[in-house]
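Worksheet: the structure to be examined is printed underneath.
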Amino acid sequence: MTAPFGAPPSGAKAHYDYLIVGAGFAGSILAERLASQTGARILLIDRRPHIGGNAYDELNADGILYHKYGPHIFHTNSDQVVDYLSQFTEWRPYEHRVLAVVRGQQVPIPINRTTLNALFGLDLKTDDDAADYLASRAEPVDDIQTSEDVVVNAVGRELYELFFQGYTRKQWGLDPSELDKSVTARIPTRTNTDDRYFTDTFQAMPRDGYTAMFKRMLDNPLIEVRTGVDYRDIREQVDADHLVYSGPIDEYFDFRFGKLPYRSLKFDHQTLDEVSHQPVGTVNYPAPDVPYTRISEYKHLTGQDAPVTTITYEYPSAEGDPYYPIPRAENQALFKRYEALADATPGVTFVGRLATYRYYNMDQIVGQALATFRRMQEKAETAVEAA
Ligand SMILES: Cc1cc2nc3c(=O)[nH]c(=O)nc-3n(C[C@H](O)[C@H](O)[C@H](O)COP(=O)(O)OP(=O)(O)OC[C@H]3O[C@@H](n4cnc5c(N)ncnc54)[C@H](O)[C@@H]3O)c2cc1C
């Protein structure tokens, strides 16, 4: 017989108030809040061999801090999120910039006035000049339904093909005409020369990296962390009053209605014998004949000083870890069926990007986890009052 999970040598079964599945932002924040604010005893597990979820970073063999699951840049407009995370990290100011290789030039993306001037040999001087120019190229679409419609409507077919069509086909394995309009709604165009990728009020990286931040978050004797442990293998063995689940929702229900479709990525991390490889943190390659979508160089993000540099190529893939929910109406409908099951499952709290089948940035997951904790507390208080 298998020994009870977390059993002390006496053989008695350890009791936990909460079993938390997934040590990414969602699971780790709930572990931290529940332990520090309510004194709950937590078992936090992750099937990967480390904490931090997709934000995990580590020093590679060459001593460079890199992000195992692709570059993670922190940005937010929420003071609450910054205040919360600042308990566990100092920050290094960092504004991300991205260039796209188009017609042999490296030009800013999102498309801005500099992009237009460089690409078309123009001399647009003001926001109005750029807005007029974009308007002159736009090809109005009456009923905007797809990603293609959004972009063609805003900037016309030539810019659409140069910047969006090839990139999107690679990223999603689908043509923009097959994708929901919400996908490209995330990529604005600008008429000024602001070349920052994000415009949020707070843009910074955890000074010592994400993993160091997670370690501080979980440094509480009430939190027991076990990595390399899959929920499916131990669910019968753990004695816990409540489950917090931040893994894939379809997997929790044994794919009862079928698999929720995801797009994945393969990361090719390389250390190069040069101080610097590219002028900015990320360079995008929208051309359809280049197999990867982008190259990122971590020293821009971390400010690390070293004689070598580490870069990551991203190759989109249909197979592999679930990274991006594929935004199509039928997939949302499938998720809604799982969500209804989740709502009808007592004793389990579903939280995080995989349990809610949406692409969220890190700050949004921090906000979601803090809100989930507040709701759990309110529910517990109501239950005490009713008793
Ligand atoms: C390539 C890429 C780049 C990104 N870049 C950015 C960025 O620049 N800025 C930004 O703000 N956001 C970025 N994000 C989004 C960011 O990764 C997420 O917002 C964040 O990781 C969500 O945290 P989470 O806890 O919900 O999920 P995760 O970090 O995925 O954590 C969930 C954890 O649950 C574990 N798990 C799942 N099932 C089980 C199981 N059965 N048993 C045990 N453990 C299990 C998984 O191993 C995983 O570690 C990026 C995402 C990707 C894919």
Give all pairs with beta carbons closer than 9 Å in which a residue from region 245-259 that is at positive phi meets a residue that is away from the ligand (no atom under 13 Å from the Cβ) and not hydroxyl-bearing (S, T, Y); count only pairs at least 6 apart in sequence or on separate chains. G258/L334
I need the full set of residues from region 129-146 which are under 19 Å from D195 (Cβ atoms) and out of contact with any helix residue (DSSP H, G or I) (no Cβ under 8 Å at 6 or more places or on another chain), in order please. A131
Check region 326-336 and report whether any residue there is without any contact (Cβ under 8 Å) to a residue 12 or more places away in the chain and within 16 Å of the ligand (Cβ to nearest atom). no
Among the listed residues G22, G6, G39, identify the single one that is surrounded by 14 or more Cβ atoms within 10 Å (Cβ to Cβ), at pLDDT 95 or above and small (G, A, S). G22
Among residues belonging to region 144-175 that are assigned to a loop (DSSP other than H, G, I, E, B) and in contact (Cβ under 8 Å) with a residue 60 or more places away in the chain, point out the one that is surrounded by the fewest Cβ atoms within 10 Å (Cβ to Cβ). G173
Just to be sure before I move on: is P286 surrounded by fewer than 19 Cβ atoms within 10 Å (Cβ to Cβ) and part of a loop (DSSP other than H, G, I, E, B) in the structure I sent? no
Right, P346: closer than 19 Å to D241 by Cβ and either free of Cβ contacts under 8 Å to residues at least 40 places away in the same chain or part of a helix (DSSP H, G or I) (or both) or not? yes
First in region 362-387 and under 20 Å from S246 (Cβ atoms), second anywhere and assigned to a helix (DSSP H, G or I) and not hydrophobic (A, V, I, L, M, F, W, C), Cβ under 6 Å, 6 or more apart: F373/R33
Give just the number: which of (1) more than 16 Å from the ligand (Cβ to nearest atom); (2) in a helix (DSSP H, G or I); (3) closer than 30 Å to L272 by Cα does D305 not satisfy? (2)
Name the residue, out of S36, S28, that is among the small types (G, A, S) and more than 16 Å from the ligand (Cβ to nearest atom). S36
Among the residues of region 96-137, what is the count of those that are surrounded by 19 or more Cβ atoms within 10 Å (Cβ to Cβ) and farther than 27 Å from G303 by Cα? 6
For residues in region 104-143 being polar (S, T, N, Q) and touching a Pro at 6+ places or on another chain (Cβ under 9 Å), which is nearest to A287 (Cα to Cα)? Q106
Every pair of residues 6+ apart whose Cβ atoms lie under 9 Å, when the first sits in region 114-143 and is closer than 20 Å to E161 by Cα and in contact (Cβ under 8 Å) with a residue 40 or more places away in the chain while the second is surrounded by fewer than 16 Cβ atoms within 10 Å (Cβ to Cβ) and of a type in the set (D, E, K, R): L119/R103
Among the numbered conditions (1) at pLDDT 90 or above; (2) surrounded by 14 or more Cβ atoms within 10 Å (Cβ to Cβ), tell me where E178 comes up short. (1)
Restricting attention to region 219-276, which residues are assigned to a loop (DSSP other than H, G, I, E, B), at pLDDT below 95 and within 11 Å of the ligand (Cβ to nearest atom)? R235
Collect the residues in region 358-387 that are more than 23 Å from D79 (Cβ to Cβ) and either modelled with pLDDT of 95 or more or in a helix (DSSP H, G or I) (or both), keeping them in residue-number order. K379, A380, E381, T382, A383, V384, E385, A386
What number of residues within region 301-317 satisfy the criterion of being over 23 Å from L162 (Cβ atoms) and touching a residue at least 40 places away in the same chain (Cβ under 8 Å)? 11
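The values are calculated or read from the model by the stated rules, or taken from the named source; none is laboratory data. Note that the coordinates shown come from a computational prediction; the quantities given were computed from them, not determined experimentally. Neighbour counts run over all protein chains shown; Cβ positions are idealised from the backbone, glycine included.
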